[in-house]
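Working notes, structure below.
The values are calculated or read from the model by the stated rules, or taken from the named source; none is laboratory data. Keep in mind that what you see is a predicted model, and the values were worked out from it rather than measured. Methodologically, a virtual Cβ is constructed for each residue, glycine included, from the backbone with ideal geometry; neighbour enumeration extends over all protein chains shown. For accessibility, only protein heavy atoms count, side chains too; no ligands or nucleic acids. Shrake-Rupley method; radii C 1.70, N 1.55, O 1.52, S 1.80 Å.
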Amino acid sequence: MEIATVAAVLNSYFQVLAAQDRLRIARGNVRIANDVYETVKLRFDVGTASGLDLQQQEAVLADQRAAIPPLEQNLRQTENLLAVLLGRSPG
């Protein structure tokens with residue numbers, strides 16, 4: 001029984017680390033998409049990019065932003081599971 005508990009704790013710990021990495025990467029993707037959007041907007045303002053280019057980058061930025069809430073929720077759930085396994089109060 002002890003081995004199973006230790007294995008579950010270690011598994012949850014590594015899941016937390018992986019979830020943190022995915023969230024960090026997603027936030028970095030949002031920053032990059034926002035930088036690209038700002039560049040395309042500047043190009044649009046001076047007439048070297050089309051409205052379609054701007055709208056496409058807006059969609060990319062929105063997609064990247066939409067990816068963050070599920071990742072945050074997954075991280076919270078995994079952290080709560082780890083807390084329970086360690087005998088701590090979730091949250």
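Brief remarks on what is shown
- No other residue among R76, R88 is out of contact with any Gly (no Cβ under 7 Å at 6 or more places or on another chain), surrounded by fewer than 16 Cβ atoms within 10 Å (Cβ to Cβ), of a type outside the set (D, E) and modelled with pLDDT under 95 apart from R88.
- Cross-chain or 6+ apart pairs with Cβ under 7 Å, the range 77-91 first and more than 10 Å from V16 (Cα to Cα), then modelled with pLDDT of 90 or more and among the polar types (S, T, N, Q): L85/S12; P90/N80; G91/N80
- Yes/no for R24 being touching a helix residue (DSSP H, G or I) at 6+ places or on another chain (Cβ under 8 Å) and at pLDDT 95 or above: no
- Checked against (1) under 23 Å from the mean Cα position of the chain (by Cα); (2) of a type outside the set (D, E, K, R); (3) part of a helix (DSSP H, G or I), L54 passes all but a single condition, namely (1).
- Just one of the listed residues (N29, N74) is over 9 Å from the mean Cα position of the chain (by Cα), closer than 30 Å to F14 by Cα and touching a residue at least 12 places away in the same chain (Cβ under 8 Å), and it is N74.
- Checking A49 against (1) open to solvent by less than 60 Å² (accessible area, probe 1.4 Å); (2) in a helix (DSSP H, G or I), the condition it does not meet: (2)
- Leading residue by the ranking (nearest to A66 (Cα to Cα)) among those in the range 1-17 that are among the small types (G, A, S) and surrounded by 13 or more Cβ atoms within 10 Å (Cβ to Cβ): S12
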